[in-house]
Every structure is written in C-alpha cells, then in structure tokens.
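Report on the structure given below.
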Amino acid sequence: MKKIIIKGIRAGFFLGLLLYVTSCVPTSQLSYFNDIDALGKPLVNPKIQKTILPFDRLYIRILSIDPQTREIFNFAEEIRYSDSGNSVLGYMVDEAGNIDFPFVGKINVGSLTLSDAAKKIQTALNDYVPNTTILVKFIDNQISVLGEVQRQGVYSFTQDKLNIYEALALGGGLTRYGNRQNVILIRQEGEKIMHHKLNLSDSRIASKDLYYVLPNDVVVVEPLKSISTSYPNVTYQSVLSSITTLVAILVLYFQVTQ
C-alpha cells in the first residue's frame, strides 16, 4: 500500500511539474523592447504623409483678411456639414476622391496630401476671392482595437501621428493573455486588404513604416499559447493544490479497492 501511495505521489509530482512547465511563458514574450540594450544610435522613422482617400472626412477652413469672405465660405461649411451629434465640421470625400465645395463645385483631392489639397483648393478659389489661405486637416480619425486588450472597441483620435503603442493604449493596453510578439495590423491599401504581423518586443519597430497607424486601421492582439505562472490564475499554490488533490484521490481509490 505504501509503495502504491509513493508511486501516486511521484505521478502527482511529475504531473504538477508538467503543468508548471507548460504554463510558463518566457519573459521575452511578456516584455516590450527586449533588445533595447543592444540599440546603438537613435532610430529614424520613415514616416510619410497620409494621402486623402475616399470616405475620409476633411476639415477645411478659409482664412482671409476680408470678413465677408470668411463669413460666406465658413458659414456655408457650417450649414452644410455640421454634425450635431459630435459638433464636428467636415467635408466627406466621395468614392471618386471629390469634395463638393460651396460656390466652386467638385474639387478632386483624392491621393493628395493635406498640403497639396490646400493648394488645389486655394487655386480653385482664386477665381472668386484672392489672397486666401486654406487650412485642411483630417477629422473623425478612427481605429479599431480588438483581441487581448482591456477594452475592445472603435476609438477616435485627433493626433497627426499615432503610433502602435498609443493605439493599444486607447484600448487600455494588453491583457495578461496578450502576445506582444504577435499583433496583427489590418490595413486597406488601394483595393487590397493587407495583414501585417508586428512584434512589439522588438525595439527596431520604431524605424519601420508600420510603427504609425492610419485612420481605419484594425489592430488585433493575438493571445499567448500558454499563461505565465506570474499571473494570479496559475500560481505555485494552484500547482501544489492540484498535486495534493491528485494524491488524495489516489489514496482514497486504493483504500476502496483493497
């Protein structure tokens, strides 16, 4: 009987050890910037300006020393494009890349940067009012954050630049199950839907063009394959409890079968 119990204890011990090993996750999968000590010079990011795409929404403001000019164009904008739900003014870019501008008509701004779009609008307005300055900005920028984050959802942002870490921070950061080495960035590029895999523990990500997210990107955090023992749900106590329970069951079984 004693030998049987000893064998049961050994079996429980090895089972517990197996559970412990399989539940462990290397620290490298739980940390950001694992290679930061190996970095030499500061990283340079090849950030390029976002171009205007269909269904983008633009804030366009006419600046002029003539009060009447400001009143006509900016008042017309407010009347036609006011969004009473969130008090945002803007021009929607249609499928062909056009905006419908007061008194001018359609102006194609598709595939232009904001500065180039401002110049094109200013040129179109010169026939009506000279000496104006045009201010163009993106508004209603949104990004979707899904997967192993604290708060999944669609988030708005106003920054000209939003990096991947800031995007995840909008969702409250990663959960304890989030895999920092397997974050998927979904982006529409032309007519193609592209899936990019990001490793957030690689410090060199800051030098890549995917470091900054774009409006309408979707960020998905994949889960870890196993859970670290540093987390509350898998602790040394839980492993020991499992072993003790197994041994008790074995002892009871052999007592009944004797």
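Read the figures in this text as sums done on the coordinates, not as results from a lab. Just so you know, these numbers come straight off a predicted model, no measurement behind them. All Cβ positions, glycine included, derive from the backbone under ideal geometry; neighbour counts span all protein chains shown.
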Fill in the blank from the handout: A chain fully extended from Q142 to D127 at 0.36 nm per residue, minus the present Cα-Cα distance, gains in nm 1.9 nm
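Could you order peptides 96-104, 177-185 by the average number of other Cβ atoms within 10 Å of their residues, highest first? All intermediate terms of the calculation are to be shown ahead of the outcome.
On the way: 96-104: 16.2, 177-185: 19.9.
With the highest mean Cβ count within 10 Å placed first, the list reads 177-185, 96-104.
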Practice task
Binning at 5 Å from 0, report for region 112-176 what percent of all alpha-carbon pair distances ends up in each bin.
Solution key: 4, 16, 19, 13, 10, 9, 9, 7, 7, 4, 2, 0
